[in-house]
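S.K.: Here it is: the structure, laid out below.
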Amino acid sequence: MTTLHRGHVFHLAGRPTVEEAPEALVEIPDGALAVGDDGIIEWCGRWADRLEDEEEEVRIVDHGGAFILPGFVDAHVHFPQVYSVDAYGGGQLLEWLDECIFPAEARLADEAFARGAAREFCRRLAAAGTTTSLVFGSAFPVAQDALFEEYRRRGLRGVIGRGIQTVGSRAARPLVTGEEEAIRLTEAEIERWHPASEEAAREALLAVAIVPRFSLSVTAKTLAALGELYYHYRRRGVYFTSHLNENNRAGDGEIAAVLGSYGVDTYLDTYDGRFLRGSRRGGRSLLGRRSVMAHCVHCTDAELARLAETRTSVAHCPNSQLFLGSGTMPWRRTAASGVNIAAGTDFAAGDSWFLPYVLNAAFKVHISEPGAAGVALHPAALLHLATVAGARALDLEDRIGNFDPGREADMVVIDASRWEPLAHALELGLPSADPENESAGRLFKLLMACNEVAVAEVYVKGRRVTA
């Protein structure tokens, strides 16, 4: 039976780049989505234009004046940091990891604790309207199994990978394994949880990623082994993700430590198979269309060009970058390179599960970039970050990201009446003086003034997900 979802529809039609997003913006104030029993969108348009066959059985779900948006895609979030928001580490990235995060992540070795963390993690994603997520997972198989099981039970869509560390500080030791064990555990997770064939992958909601924490958490030998593993499983659609050029504190920050440890020309070289001194090739590249690098705040032009060339995406996490004092990813230079930019919460360095808060921060940091680098992002570009770009980053653009017929019905329903400041802004705020900008202005208010409490319903592939 077809289900008709009636409400105020916003989405970006087609396959726009972020620059093309304003022209792709579709607003249908009294709109509808027709969704088949298989969870596939059959039609999207004006409610009044829906031609109903009198003999056709149709179930109507009327969301009233609520907004229907494509489900949010979080391109970077940490499962074992579920309880670590606003943890004070007395410094930037490396101090925060040692003082707060490594000890917190070690607690997931306890299976009962890990199962509770998995339930809370998935509950918070659903409550925030996040239907798809790329997840930096736990080092411990019991915690990973608990997370995959909870995703499957709730019907969330996710790409998840165990956090790989083969070297680390004293604080990180509970998370560190030997190199052979790291490969064995990663391969076992792929065999257990990743779709067994390309055909199965086209229907699956869950997939596996290969996830070294960052280059400082592994060795050249580990990177070589991970490259071989990724090469072996690429045809099965396995993903890769890690951190890149996040924190550039002079002299002793993350980037300086990576360059000094490996003796390479650029941080990206370590992931591109060029991890031997002098950036000599030592193994296979981990870059590609199913690879996502988080942060990329301090990339060189050559690194950005290589990311674009290999179709590797960036997960932009402005909340996290503010929290750790990492700086601002330069918008104009990054976008001009042609690299796909998706949004990530980076919870718990990011202090919110709610992707519109990330978009809010993105607008503020980029309009505040100095001089000619500053840019006021169009509301459609903000929506692109959390929907189309996220789908593209996960190579799922044929399945999710907008409401084109044939896509799977991942939706978030936002009821402004549940958050009074948003309701007042939309109802009583002055409309745009330019009628052509009316839709953009309304979307801007929706994204900038929204709160998680306004998320009324969440659907993945047409099935309602409960928080």
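S.K.: Mind checking which residues of the range 98-132 are farther than 30 Å from TYR459 by Cβ and of a type in the set (Lys, Arg)?
M.R.: ARG107
S.K.: Provide a single number: the residues in the range 1-25 that are closer than 13 Å to ARG407 by Cβ and either part of a strand (DSSP E or B) or in contact with a strand residue (DSSP E or B) (Cβ under 7 Å, 6 or more places away or on another chain) (or both).
M.R.: Of the residues in the range 1-25, the ones closer than 13 Å to ARG407 by Cβ are 11-15.
Next, only the ones that are either part of a strand (DSSP E or B) or in contact with a strand residue (DSSP E or B) (Cβ under 7 Å, 6 or more places away or on another chain) (or both) stay: 11-13.
So the count comes out to 3.
S.K.: Is it true that LEU422 is surrounded by 15 or more Cβ atoms within 10 Å (Cβ to Cβ) and farther than 30 Å from LEU205 by Cα?
M.R.: Judged against the criteria, LEU422 is a match.
S.K.: List the pairs whose first member sits in the range 364-378 and is farther than 13 Å from THR328 by Cβ, whose second member is modelled with pLDDT under 95 and not in a helix (DSSP H, G or I), and whose Cβ atoms are under 7 Å apart, counting only residues at least 6 apart or on separate chains?
M.R.: Final answer for the pair search is none.
S.K.: For the subset of the range 208-259 comprising residues that are in contact with a helix residue (DSSP H, G or I) (Cβ under 6 Å, 6 or more places away or on another chain) and among the acidic types (Asp, Glu), which member is farthest from VAL77 (Cα to Cα)?
M.R.: GLU254
S.K.: So, one more: Does the range 331-365 hold any residues that are touching an Asp or Glu at 6+ places or on another chain (Cβ under 8 Å), in a loop (DSSP other than H, G, I, E, B) and not small (Gly, Ala, Ser), and which are they?
M.R.: Answer for the range 331-365, where residues must be touching an Asp or Glu at 6+ places or on another chain (Cβ under 8 Å), in a loop (DSSP other than H, G, I, E, B) and not small (Gly, Ala, Ser): THR345, ASP351, TRP353, PHE354.
S.K.: Being surrounded by fewer than 18 Cβ atoms within 10 Å (Cβ to Cβ) and either of a type in the set (D, E, K, R) or not assigned by TED's automatic domain parsing to the domain that holds ARG157 (or both) narrows it down to one residue among GLU105, GLU99; which is it?
M.R.: The match here is GLU99.
S.K.: Test each condition in (1) in a helix (DSSP H, G or I); (2) aliphatic (A, V, I, L, M); (3) touching a Lys or Arg at 6+ places or on another chain (Cβ under 9 Å) for ALA104 and report the one that comes out false.
M.R.: Answer for ALA104: the failing condition is (3).
S.K.: Of all the residues that make up the range 144-175, how many are outside any loop (DSSP other than H, G, I, E, B), over 25 Å from LEU396 (Cβ atoms) and hydrophobic (A, V, I, L, M, F, W, C)?
M.R.: 3
S.K.: Would you kindly identify the helices (runs of 4 or more DSSP H) lying entirely within the range 207-305 that contain at least 3 residues that are aliphatic (A, V, I, L, M)?
M.R.: Ranges flagged: 220-233, 254-262.
S.K.: Any residue in the range 24-45 that's farther than 13 Å from HIS11 by Cα and modelled with pLDDT under 95: show its pairings with residues that are among the aromatic types (Phe, Trp, Tyr) and loosely packed, with under 15 Cβ neighbours inside 10 Å at Cβ separation under 7 Å, as long as the two are six or more apart or on different chains.
M.R.: Qualifying pairs under 7 Å: none.
S.K.: Just the residues that are in a helix (DSSP H, G or I), more than 22 Å from THR241 (Cα to Cα) and not aliphatic (A, V, I, L, M), please, taken from the range 42-95.
M.R.: TRP47, ASP49, GLU95
S.K.: Next question. Those residues that are without any contact (Cβ under 8 Å) to a residue 40 or more places away in the chain and assigned to a loop (DSSP other than H, G, I, E, B), I need them from the range 400-442; list them, please.
M.R.: Result: TRP419, GLY429, LEU430, PRO431, SER432, ALA433, ASP434.
S.K.: Identify, by number, the condition in (1) surrounded by fewer than 20 Cβ atoms within 10 Å (Cβ to Cβ); (2) within 18 Å of ASP351 (Cα to Cα) that PHE113 doesn't meet.
M.R.: Single failed check for PHE113: (2).
The values are calculated or read from the model by the stated rules, or taken from the named source; none is laboratory data. Remember, predicted model here, so these are calculated numbers, not experimental data. Cβ coordinates were reconstructed from backbone atoms using ideal geometry, including for glycine residues, and neighbour counts include every protein chain displayed.
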